[in-house]
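Participant: Got a structure here, written out as structure tokens. Questions coming.
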Amino acid sequence: MDEEQSRFIETFRTFIEEVLQSPRAFVEQRTPLGDVVAAFLRADIEAFPVISEDLAPHRLVDADIALDELAASGADTALDPPRVIGVGGGSQREHSTFAELLRNPHVQFMPAPVDYVSSATGPATERRTVSFGVRLLHLDGKPIAVLQRGPRDEYGRSSARLEILAAEPESAARLLTEVRRLMLERSVLRGQVLAFSGNEYGSGGAGADFLPRPVVSAEDVVLAPGILDDIVRHVVGIGEQRTTLRAAGQHLKRGVLLYGPPGSGKTLTVRHLLSSTPGTTAVLLTGTSIRFITHAADLARAMQPAIVVLEDVDLVAMERDMYDGPQPLLFAVLDALDGLDGDADVAFVLTTNRVEVLERALADRPGRVDLAVEIPLPDADARRRLFSLYARDLPLSEAAVTDAAEHADGVTGSFAKELMRRTVLLAAEEHRAPTDTDLADALEALLSTREQLTRRLLGAREDSHLPSQPGEE
Ligand SMILES: Nc1ncnc2c1ncn2[C@@H]1O[C@H](COP(=O)(O)OP(=O)(O)OP(=O)(O)O)[C@@H](O)[C@H]1O
Ligand SMILES: [Mg+2]
């Protein structure tokens, strides 16, 4: 190595050291993904503001539908076709904003296949939904880019999100307005029967599960004459007369409380109401999911006509909270009942078998429930009809069924149902069709002291038993 070479190497080493120590000159470096987006937007995207919108996880599919529709309606042969591109570059993308995906000195985010998830759109239907992708589309001829992503609890993101980038802020704002409108109009939740369930990651987001709409005819519900009609008129009838009622300045919001002993048909009545209101959005909250009441009420308002069912609402009256003291959830429920505008076409249906727990709270804040109906234990006539209903497919004589009903004072509909199952079982164990004797045997067994707890669990009154036989106490 001659001296010149050594000098050169020394100079080069100094140069490299200086390069390494100097601050980066091009911190805001556009990524390959950024190049694609900039080409579509035909502009220097670096200065654009981004508008973000967080969505409840179960609304991602609605946003997906809305954006697909907007992309299709904005397509024009004179313009670049709308499309969706995925984002490659590793898990860092989960921690990056849309702006960071487009210019980033550390990670070269690049176009890649789109990520999809399968989202339910009904009890038995699904849709392939973009869970991470950049949509390129036009609205009123203006190019817009939207980053669409689903929730990722493992990365601490419990909601879905849209981030909108356009040359003019007005275009981005207009797109968001259109998305919101279509999400409401086309929502997959509209007209469905939905159950809310919590998110197990504890992020507090509610997911909506689709349930098939029950099929329960009026004949399947055995109550004293007039009771079912009153309930149906209040819940369904007010909805059917909405135009006339509104024109007359009357409110449509209504609250019905069904109370009575366990197994007497409250839930069955609710199922009949859902069966009678096809096309009405129904939100069912039971037990712990009642904590989503505010969510459910908002959804009901947006999707009206709607029914919100709060099953076993007495459970919430027992809730305690470290900070708010007893019954915070009950107050949330009462607030939700009160919170909607009077002319919202929303029916709240509450059920309880412990009305005494609620009575005070409801009486203290009147006007939430405008119809309270007792669903009592069936009387002799209702019992006969119940026993006949559940015996209808069995080869039993009318006399035997009537006789059984008369001997089973104080029992409920669920008892009648269980009795017939046991009758069939007794015969099935001997490989033959059930007879009147099986019915009598099954009844005797169910009414025996041994089955006292069973009877209570089926909702029978404490003192329900067979009239004492000679030789018995
Ligand atoms: N009045 C009734 N008419 C017809 N069937 C009934 C009736 N009551 C109860 N049953 C039968 O018993 C089952 C249980 O009744 P249901 O779930 O409606 O009771 P519930 O009043 O809601 O009780 P709980 O207070 O325990 O929730 C019903 O699915 C139905 O098969
Ligand atoms: Mg019930």
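The values are calculated or read from the model by the stated rules, or taken from the named source; none is laboratory data. Source: prediction; values computed, not measured. Cβ: placed from backbone, ideal geometry, glycine included. Neighbour counts: every protein chain shown.
Participant: In the stretch 38-59, what residues are under 36 Å from the mean Cα position of the chain (by Cα) and either within 14 Å of VAL134 (Cα to Cα) or of a type in the set (Val, Ile, Thr) (or both)?
Facilitator: Of the residues in the stretch 38-59, the ones under 36 Å from the mean Cα position of the chain (by Cα) are 49-59.
Hits for the stretch 38-59 are VAL50, ILE51, SER52.
Participant: Looking at GLU406, GLU430, can you tell me which residue is outside the structural domain of GLY265 (by TED's automatic domain parsing), more than 16 Å from ligand 1 (Cβ to nearest atom), in a helix (DSSP H, G or I) and of a type outside the set (Phe, Trp, Tyr)?
Facilitator: Numbers: GLU430 fails: in a helix (DSSP H, G or I).
On inspection, the qualifying residue turns out to be GLU406.
Participant: If the requirement is being in a strand (DSSP E or B) and over 27 Å from THR286 (Cα atoms), which of these qualifies: GLU163, GLU178, GLU154?
Facilitator: Values: GLU178 fails: in a strand (DSSP E or B); GLU154 fails: in a strand (DSSP E or B).
Going through GLU163, GLU178, GLU154 in turn, just one is in a strand (DSSP E or B) and over 27 Å from THR286 (Cα atoms): GLU163.
Participant: Which of the residues that make up the stretch 246-281 are outside any strand (DSSP E or B), within 16 Å of ligand 2 (Cβ to nearest atom) and either of a type in the set (Val, Ile, Thr) or not assigned by TED's automatic domain parsing to the domain that holds ASP345 (or both)?
Facilitator: THR267, THR269, VAL270
Participant: Moving on to the next point. Pairs needed: first member in the stretch 271-288, without any contact (Cβ under 8 Å) to a residue 24 or more places away in the chain; second member anywhere, of a type in the set (Phe, Trp, Tyr) and not in a helix (DSSP H, G or I); C-beta distance under 6 Å; at least 6 residues apart or different chains.
Facilitator: Matching pairs, first to second residue: none at all.
Participant: Tell me which residues, restricted to the stretch 352-391, are assigned to a strand (DSSP E or B) and at pLDDT 95 or above.
Facilitator: First pass over the stretch 352-391, keeping only residues assigned to a strand (DSSP E or B): 352, 371-374.
Across the stretch 352-391, the qualifying residues are VAL373, GLU374.
Participant: Of the residues that sit in the stretch 85-123 and are within 30 Å of GLY191 (Cβ to Cβ) and not in a loop (DSSP other than H, G, I, E, B), which one is farthest from the chain's Cα centre (by Cα)? Before you say what the answer is, go through the steps one by one.
Facilitator: Filtering the stretch 85-123 down to residues within 30 Å of GLY191 (Cβ to Cβ) leaves 114-123.
Okay, now just the ones that are also not in a loop (DSSP other than H, G, I, E, B), so 115-122.
Details: ASP115: 24, TYR116: 22, VAL117: 18, SER118: 17, SER119: 13, ALA120: 11, THR121: 12, GLY122: 11 Å.
Among those residues, the one meeting the criterion is ASP115.
Participant: Would you mind telling me which numbered condition in (1) more than 21 Å from ASP341 (Cα to Cα); (2) free of Cβ contacts under 8 Å to residues at least 60 places away in the same chain ASP298 fails?
Facilitator: Against the list (1) more than 21 Å from ASP341 (Cα to Cα); (2) free of Cβ contacts under 8 Å to residues at least 60 places away in the same chain, ASP298 comes up short only on (1).
Participant: So SER52 clears everything in (1) outside any strand (DSSP E or B); (2) surrounded by fewer than 20 Cβ atoms within 10 Å (Cβ to Cβ); (3) of a type in the set (Gly, Ala, Ser); (4) in contact with a strand residue (DSSP E or B) (Cβ under 9 Å, 6 or more places away or on another chain) except one condition, right? Which one?
Facilitator: Every listed condition holds for SER52 apart from (1).
Quick grid of which residues meet (1) within 14 Å of ligand 2 (Cβ to nearest atom); (2) at pLDDT 90 or above:
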position	(1), (2)
VAL283	no, yes
ALA317	no, no
MET322	no, no
PRO326	no, no
ALA336	no, no
VAL349	yes, yes
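Participant: Within the stretch 208-230, is even one residue within 16 Å of ligand 2 (Cβ to nearest atom) and under 14 Å from ALA347 (Cα atoms)?
Facilitator: For the stretch 208-230, residues within 16 Å of ligand 2 (Cβ to nearest atom) and under 14 Å from ALA347 (Cα atoms): absent.
Participant: Can I ask one more? Regarding the stretch 50-73, can at least one residue be identified that is out of contact with any His (no Cβ under 6 Å at 6 or more places or on another chain), without any contact (Cβ under 8 Å) to a residue 60 or more places away in the chain and over 30 Å from HIS295 (Cα atoms)?
Facilitator: The first filter runs over the stretch 50-73 and keeps only residues out of contact with any His (no Cβ under 6 Å at 6 or more places or on another chain), leaving 50-73.
Those left that are additionally without any contact (Cβ under 8 Å) to a residue 60 or more places away in the chain: 68, 72-73.
Keeping just the survivors that are over 30 Å from HIS295 (Cα atoms) gives 72-73.
There is at least one residue in the stretch 50-73 that is out of contact with any His (no Cβ under 6 Å at 6 or more places or on another chain), without any contact (Cβ under 8 Å) to a residue 60 or more places away in the chain and over 30 Å from HIS295 (Cα atoms).
Participant: Identify the residue in the stretch 404-436 that is surrounded by fewer than 17 Cβ atoms within 10 Å (Cβ to Cβ) and without any contact (Cβ under 8 Å) to a residue 24 or more places away in the chain and, among all such residues, is nearest to LYS266 (Cα to Cα).
Facilitator: Among those that are surrounded by fewer than 17 Cβ atoms within 10 Å (Cβ to Cβ) and without any contact (Cβ under 8 Å) to a residue 24 or more places away in the chain, it is ARG421.
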